[in-house]
Amino acid sequence: MTSCGCLMLEKVEGDASAKTRVKAAPGAGAGAWCGSCAGDWRGRSEAIFPIYVMGSSRESTVAAARGIVDSPEDPIWVAVKAEAKSEAEKEPILSSFLYASVLSHDCLERALSFVLANRLEDPTLLATQLIDIFNDVMLNNKDICRSIRLDAQAFKDRDPACAQYSWALLYLKGYQSLQSYRIANILWNQGRKVLALALQSRISEVFAVDIHPGILSI
């Protein structure tokens with residue numbers, strides 16, 4: 001227990017196994033810690049949960065993120081296309097799906113628009129309509145262009161279930177739902193609140209993830 005009343009991550013050794021638990025000092029706010037404890041908390045959490053620690057300050061992580069955003073060659077998109085081409089050769093039955101979802105597009109934004117639109121369409125909200133809406137949002141907003149790439153990198157680095165960038169784009173509902181809500185948030189902030197709420201309802205139904213479009217910050 002820390003003298004300043006911060007949350008403390010404690011490793012408890014047992015005879016048969018080691019367990020980890022989080023303790024809160026009396027009166028501590030949930031999820032709070034002071035500046036003097038932040039460094040110690042990060043070290044403890046990285047040791048216990050190495051792939052789930054967010055906001056790592058390690059130079060390699062910072063350099064990788066900078067390269068993703070600033071590179072004129074768009075390394076994430078290059079990797080996604082290469083992975084899709086390789087998978088199409090290994091699984092010919094998926095070649096049409098991979099061509100339509102990835103290989104027929106000229107950028108990550110258009111591929112993501114296609115994937116999300118086909119996941120979220122319903123009889124009254126057609127995929128072709130959603131593609132136009134999603135393309136208009138993503139191709140005209142540099143912040144979301146940056147975020148979808150950093151999210152893809154984060155999924156690949158931190159999620160053991162995501163071995164390739166293309167897996168996040170094509171198969172992981174966590175990534176897909178997050179990008180859908182980024183789009184809904186932009187629509188909300190543009191004053192298109194009814195459309196944003198309609199998307200929220202559909203996203204919740206399809207992905208079982210419910211975030212109000214007015215509260216998600218890019």
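The values are calculated or read from the model by the stated rules, or taken from the named source; none is laboratory data. This one's a predicted model, so the numbers in the text were calculated from it and none came from an experiment. Reconstructed Cβ throughout: ideal geometry from the backbone, glycine too, with neighbour counts over all protein chains shown.
Return yes when residue 80 is modelled with pLDDT under 95 and farther than 25 Å from residue 205 by Cβ and no when it is not.
When the stated conditions are applied, residue 80 does not pass them.
Just to be sure before I move on: is residue 206 crowded, with 16+ Cβ neighbours inside 10 Å, closer than 28 Å to residue 73 by Cβ and among the β-branched types (Val, Ile, Thr) in the structure I sent?
Judged against the criteria, residue 206 is not a match.
Just to be sure before I move on: is residue 213 outside any helix (DSSP H, G or I) and either touching a His at 6+ places or on another chain (Cβ under 7 Å) or assigned by TED's automatic domain parsing to the domain that holds residue 83 (or both) in the structure I sent?
no
Could you grab me the full set of residues in region 75-126 that are of a type in the set (A, V, I, L, M, F, W, C) and free of Cβ contacts under 8 Å to residues at least 12 places away in the same chain?
Of everything in region 75-126, those that are of a type in the set (A, V, I, L, M, F, W, C) and free of Cβ contacts under 8 Å to residues at least 12 places away in the same chain turn out to be 78, 82, 93, 94, 97, 126.
Going by the conditions given, is residue 156 among the basic types (Lys, Arg), modelled with pLDDT under 95 and closer than 24 Å to residue 79 by Cβ?
Details: among the basic types (Lys, Arg): yes; modelled with pLDDT under 95: no; closer than 24 Å to residue 79 by Cβ: yes.
Spelling it out, it is not the case that residue 156 is among the basic types (Lys, Arg), modelled with pLDDT under 95 and closer than 24 Å to residue 79 by Cβ.
Within region 85-189, which helices (runs of 4 or more DSSP H) (wholly inside it) include 2 or more residues that are surrounded by fewer than 18 Cβ atoms within 10 Å (Cβ to Cβ) and within 14 Å of the chain's Cα centre (by Cα)?
Helices (runs of 4 or more DSSP H) meeting the threshold: 142-158, 173-189.
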